[in-house]
1. If the cut-off is 19 Å between C-alpha atoms, which lysines fall inside it for K52, apart from same-chain ones fewer than 8 positions away?
2. How many angstrom lie between the Cα centre of the stretch 3-31 and the Cα centre of the stretch 39-57?
3. Using the Cα centre of the chain as the reference point, and only Cβ charges (+1 on K/R, -1 on D/E), how large is the resulting charge dipole? Debye, rounded to the nearest 20.
4. Give me the percent relative contact order of the chain, please, defined on Cα pairs under 8 angstrom at least 6 residues apart.
5. At 1.4 Å probe radius, can you tell me the per residue accessible area of the chain in Å²?
6. Calculate for the chain the 222 nm mean residue ellipticity that helices alone would give, adding -39,500 (n - 2.57) per DSSP H run of length 4 or more and normalising by residue count, nearest 500 deg cm²/dmol.
7. Report, as a whole number in µm² per second, the diffusion coefficient that Stokes-Einstein gives for the stretch 1-50 at 10 °C and 1.306 mPa s using the Kirkwood radius over alpha carbon pairs.
8. Going through the chain, which trypsin sites (Lys or Arg not before Pro) have at most 10 other Cβ atoms within 10 Å and a DSSP loop state?
Amino acid sequence: MGELASAYWVSFAKTGDPNGGNRPQWPRHDPAVDKLIDFTNNGVVVGPDPLKARLDLWRKVWSQGQ
């Protein structure tokens, strides 16, 4: 997993794009789309943010306190 993460970061540092080789496609950031790359014990998974509901709750609580 470390080698894979390193390959993404090296590619990003060299080209501005983390993708390349035969690695799973790292999705471009879009705040309107719930998609991210998750480095799990079983490998890389591209999909919805597994913490989205919890983070949305904290955002709601925080904004109510403002």
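1. Within the straight-line cut-off, K52 pairs with K35, K60.
2. Computed from Cα coordinates, the inter-centre distance equals 18 Å.
3. Charge dipole, the chain, about its Cα centre: 140 debye, nearest 20.
4. Numbers: 49 pairs, mean separation 11.9, N = 66.
Averaging sequence separation for qualifying contacts and normalising by length gives 18 percent for the chain.
5. About 85 Å² of surface per residue is accessible.
6. -13000 deg cm²/dmol
7. Details: Rh = 11.5 Å.
Answer, rounded: 138 µm²/s.
8. R28
The values are calculated or read from the model by the stated rules, or taken from the named source; none is laboratory data. Being a predicted model, the structure only gives us computed values, none of them experimental. Ideal geometry is used to build each Cβ from the backbone, glycine not excepted, and the neighbour counts take in all protein chains shown. Accessible surface areas use protein heavy atoms only, side chains included; no ligands, DNA or RNA. Shrake-Rupley method; radii C 1.70, N 1.55, O 1.52, S 1.80 Å.
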